[in-house]
Amino acid sequence: MVAKIPTPGCFINTMIMRDNFKRYMAAEAEAERRALKYIAYNMTVPVRARIQAQLKLATMPNYTRMNQIKNRCVVSGKGRAVLSEFKMSRHQFRLAAQNGELPGVKRATW
């Protein structure tokens, strides 16, 4: 059975779809990856079990790794210059701040 992957609520292109797929798969495999890493790095576990855990980690797909996920803008889908606190690219952040759509954010004057 194929699991239905939720779609993001923004402009969608192939990069956004790919990143969304990676986020979904990484979240699904996170518990298994953590357990295998714990076994692989635990020196009190027998060597054979540690090697088996390392092999299992190596054979898992790349898209189950958390470092494969890239921060993307929720408005435009851009992958560069994304402010992580707001999940927006700097350009979209600037436009939203100028229009007063972000509470607590105002233009700097000094």
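The values are calculated or read from the model by the stated rules, or taken from the named source; none is laboratory data. Please read these numbers as outputs of a predicted model, since none were measured by experiment. Heads up, the Cβs are rebuilt from the backbone with ideal geometry, glycines too, and the neighbour counts pull from every protein chain shown. For the accessible areas, the whole protein counts, side chains as well, though only heavy atoms, and no ligand, DNA or RNA atoms are used. Shrake-Rupley method; radii C 1.70, N 1.55, O 1.52, S 1.80 Å.
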Go through the stretch 77-93 residue by residue and tally those that are touching a strand residue (DSSP E or B) at 6+ places or on another chain (Cβ under 9 Å) and loosely packed, with under 15 Cβ neighbours inside 10 Å. 5
If T44 passes every condition in (1) assigned to a helix (DSSP H, G or I); (2) open to solvent by 90 Å² or more (accessible area, probe 1.4 Å); (3) of a type outside the set (D, E, K, R) but one, which one does it miss? (1)
Just checking, does the stretch 58-71 include any residue being hydroxyl-bearing (S, T, Y) and without any contact (Cβ under 8 Å) to a residue 24 or more places away in the chain? yes
Look at the stretch 59-76 and say how many of its residues are in a loop (DSSP other than H, G, I, E, B), open to solvent by less than 50 Å² (accessible area, probe 1.4 Å) and within 30 Å of A35 (Cα to Cα). 3
Subset of the stretch 76-105, residues touching a residue at least 24 places away in the same chain (Cβ under 8 Å) and touching a His at 6+ places or on another chain (Cβ under 9 Å), comes to S76
Checking N20 against (1) closer than 22 Å to V74 by Cβ; (2) in contact with a helix residue (DSSP H, G or I) (Cβ under 8 Å, 6 or more places away or on another chain), which single condition isn't satisfied? (2)
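Scan the stretch 100-107 and give yes if some residue there is among the charged types (D, E, K, R) and assigned to a helix (DSSP H, G or I), otherwise no.
No, there is no match, as no residue in the stretch 100-107 is among the charged types (D, E, K, R) and assigned to a helix (DSSP H, G or I).
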Is it true that L55 is surrounded by fewer than 13 Cβ atoms within 10 Å (Cβ to Cβ) and in a helix (DSSP H, G or I)? yes
